Amino acid sequence: MLYSEKVMDHFRNPRNVGEIENADGVGEVGNAKCGDIMKMYLKIEDGVIVDVKFETFGCGSAIATSSMATELIKGKPVDEALKLTNQAVVEALDGLPAHKIHCSVLAEEAVRAAIKDYYDKNGIAYEPEQFCGGDCSCCHEHDHHA
């Protein structure tokens, strides 16, 4: 069997689907190669993610990873949610086929994008490296401006 029971469960019964009106943070990411788009909405009170919802246009794995990612960060402090890795999402789903790992990366990126939006809206200072692991263009651009 290609997909674990947990993947199938989160695909058939995704948790936290929908949007949050007046969300404190919204992140939208997409993978042009496979056409998946994820949008993550965060409601944050006192630095804690009290509610999270997502809308995903994509394959079953994209839906399952979005759903699991929301479950993993709900009720957590923002700085803890920021540490969510795609590996943690994959492990929580009891694995994904290798060619679907990019879906879990997208879920991680959607969470980070929503938190970054929250920080930007609230004027909270952060290091750009927090949002890209130091290996993407935003950090390198940042280095040039320094």
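Details
- Subset of the stretch 19-43 (residues that are at pLDDT 95 or above and polar (S, T, N, Q)): ASN22
- Scanning the stretch 71-91 for residues that are buried (at least 18 other Cβ atoms within 10 Å of the Cβ) and more than 23 Å from GLU45 (Cα to Cα) yields ASN86, VAL89, VAL90.
- Filtered residues of the stretch 50-96 (kept if under 20 Å from TYR3 (Cα atoms), among the small types (Gly, Ala, Ser) and assigned to a loop (DSSP other than H, G, I, E, B)): GLY58, GLY95
- ASP36 being surrounded by fewer than 20 Cβ atoms within 10 Å (Cβ to Cβ), of a type in the set (Asp, Glu) and either more than 15 Å from the chain's Cα centre (by Cα) or on the phi < 0 side of the Ramachandran plot (or both): no
- Matching residues in the stretch 1-49 - criterion: being part of a loop (DSSP other than H, G, I, E, B), over 24 Å from ASP79 (Cα atoms) and not small (Gly, Ala, Ser): MET1, LEU2, TYR3, ASN13, PRO14, LYS33, CYS34
- Selection from the stretch 107-146 of residues that are farther than 15 Å from LEU82 by Cβ, in a helix (DSSP H, G or I) and at pLDDT 85 or above: LYS121
The values are calculated or read from the model by the stated rules, or taken from the named source; none is laboratory data. No experiment lies behind these values; they were computed from the predicted model shown. Because the Cβ atoms are built from the backbone with ideal geometry, glycine has one as well, and the counts that use them run over all protein chains shown.
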